[in-house]
1. What do you get for the angle between helix 299-323 and the principal long axis of the chain? Use alpha-carbon atoms, 0 to 90 degrees, nearest ten.
2. By the scheme Lys and Arg +1, Asp and Glu -1, what is the net charge of all other residues having a beta-carbon under 14 Å from that of Leu123?
3. Would you work out which of Ser39, Ala65, Gln139 lies farthest towards the positive end of the dipole of the chain, given +1 charges on the beta-carbon of Lys and Arg and -1 on that of Asp and Glu, about the Cα centre?
4. Given a 1.4 Å probe and every protein chain left where it sits, what share in percent of the accessible area of the stretch 283-364 is carbon and sulfur?
5. Based on the Cα atoms of the chain, what semi-axes does the equivalent ellipsoid have, where each is the square root of 5 times one gyration tensor eigenvalue, given in whole Å with the largest first?
6. Net charge near Tyr166, counting Lys/Arg +1 and Asp/Glu -1 over other residues with Cβ under 15 Å of its Cβ?
7. Dividing the convex hull volume of the alpha carbon atoms of the stretch 173-273 by its residue count, what do you get in Å³ per residue?
8. Just to confirm the number: angle between the C-alpha axis of helix 128-141 and the first principal axis of the chain, 0 to 90 degrees, nearest 10?
Amino acid sequence: MKILVINTGSSSIKYQLFDMEKQKAVVNGLAEKIGEKTSILTHKLIDNQGNGKKKIEEGRLANHAEGLERIVELLVDPEFGAIRDKSEISAVGHRVVHGGEAFQESIIINEKVLAAVKKNIPLAPLHNPPNLTGIEVAQNIFPDVPHVGVFDTSFHQTIPRRAYLYAVPYSLYEKQRVRRYGFHGTSHAYVAEEAAAYLKRPIEELKLITIHLGNGASMAAVKNGRCIDTSMGLTPLEGLVMGTRCGDVDPALPYFMARNLNMTIDEIDKTLNKQSGLKGLCGDNDMRNVEEKAVSGDELSALALEIYSYRIKKYIGAYYASLGHLDAIIFTAGIGENSPLIRGMCCEGLDSLGISVDACKNKEPRKDIREISPPNSQIKVLVIPTNEEKKIAMETERIVKRNGCGQTGRK
Ligand code: AMP
């Protein structure tokens, strides 16, 4: 079965074509600057050894429909494509950021689903509208195959009320659905399952803390395969220190800024979402640069690293307490997979909790799933590469098969 996975942003389409028999992507690419004077389409055909044959095109893609049409032409291109005809694609999996409370799991997209995703626009005004555009455009190009929505929020829908409700007037929840939703669910779910497979134990008996550290960052407490808490909230602003987002602050901060600095709501939003986090603390949101500057003696960069890892450490303690037991901690995403320094700092001083990192294993520059805790540790510290697109493809296949659609994706 071939599955096309699409992640649509306001001016971009990220895509991967998966061969589910091989369990891997055979094509990936990104169309960016859609709607601008010059759009860029980077397309890569991946061979069996994982090597890519790249094609970069520059030219105007007026809208998402033009973008996806060109992508499909490349998918069937004799030199750069992986299929002869678009009818070989059995289903399309869509990343949808906010499913609100409507979706506990992935689902075949129909009119009712589209209406519910639209209803969630106030909760994700920057993400859900382009996700909807992507679905509409793809449904026009692939009208005969199932389209599956995979939501960033679904994995966190098992969180109990005591963890998802804020202590604000209950009517805000009842009328506006103000609550913790959590994001990066596809990544947390994927690495939790990979951890269970690596540990050769059923996920139903594992207590895990998953730590997704990319430009955005979040953590989740996963008990017996179900998420019981996560650090992002109503929006992705809450929780950990991120590249440009502040994470947890005193909720009084916005009105302090409004009253004392005369800032508007939009200015405050921009400051906390785009000018805070690592960038706000030391002027750079790229962790590689922050680490480099800290090593060469820049005090603010060193402080930013301390604040960043201290926040993670606090959440490790909190989630350990919530879970009541811990089998493994999993680091994933750009920073989690590649920064021994941050992994080490987050776990430093936790030996008495049974959590420690072996300095040599931690530094090994590997790309595969690995254990960085000392041998015989009861609590394993693992590094697991995330693959959200693969998880979307797997979810799409599962839902399509469950709905009785055959190899072709059609009923
Ligand atoms: P992501 O959003 O998952 O692509 O992650 C992006 C973040 O990963 C950026 O802050 C990068 O600086 C960081 N990153 C990537 N490679 C490394 C590395 N080798 N060491 C430290 N941080 C890295």
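1. 80
2. Details: positive: Lys118, Lys119, Lys175, Arg177, Arg179, Arg180; negative: Glu101, Asp152, Glu238.
Summing Lys and Arg as +1 and Asp and Glu as -1 gives +3.
3. Gln139
4. Working: 2060 of 3890 Å².
Answer for the stretch 283-364: carbon and sulfur cover 53 percent of the accessible area.
5. Details: eigenvalues 228, 134, 108 Å².
Each semi-axis is the square root of five times an eigenvalue, giving 34, 26, 23 Å.
6. Values: positive: Arg161, Arg162, Lys175, Arg177, Arg179, Arg180; negative: Glu101, Glu174, Asp229, Glu238, Asp248, Asp250.
For residues surrounding Tyr166, the net value is 0.
7. Working: hull volume 11.0 nm³, N = 101.
Roughly 109 Å³ of hull volume per residue.
8. Once rounded, the angle reads 20 degrees.
The values are calculated or read from the model by the stated rules, or taken from the named source; none is laboratory data. The structure displayed is predicted, hence computed values, not measured ones. Using ideal geometry, Cβ is built from the backbone for each residue, glycine included, and neighbour counts are taken over all protein chains shown. We work out accessible area using only protein heavy atoms, side chains counted, and drop any ligands, DNA or RNA first. Shrake-Rupley method; radii C 1.70, N 1.55, O 1.52, S 1.80 Å.
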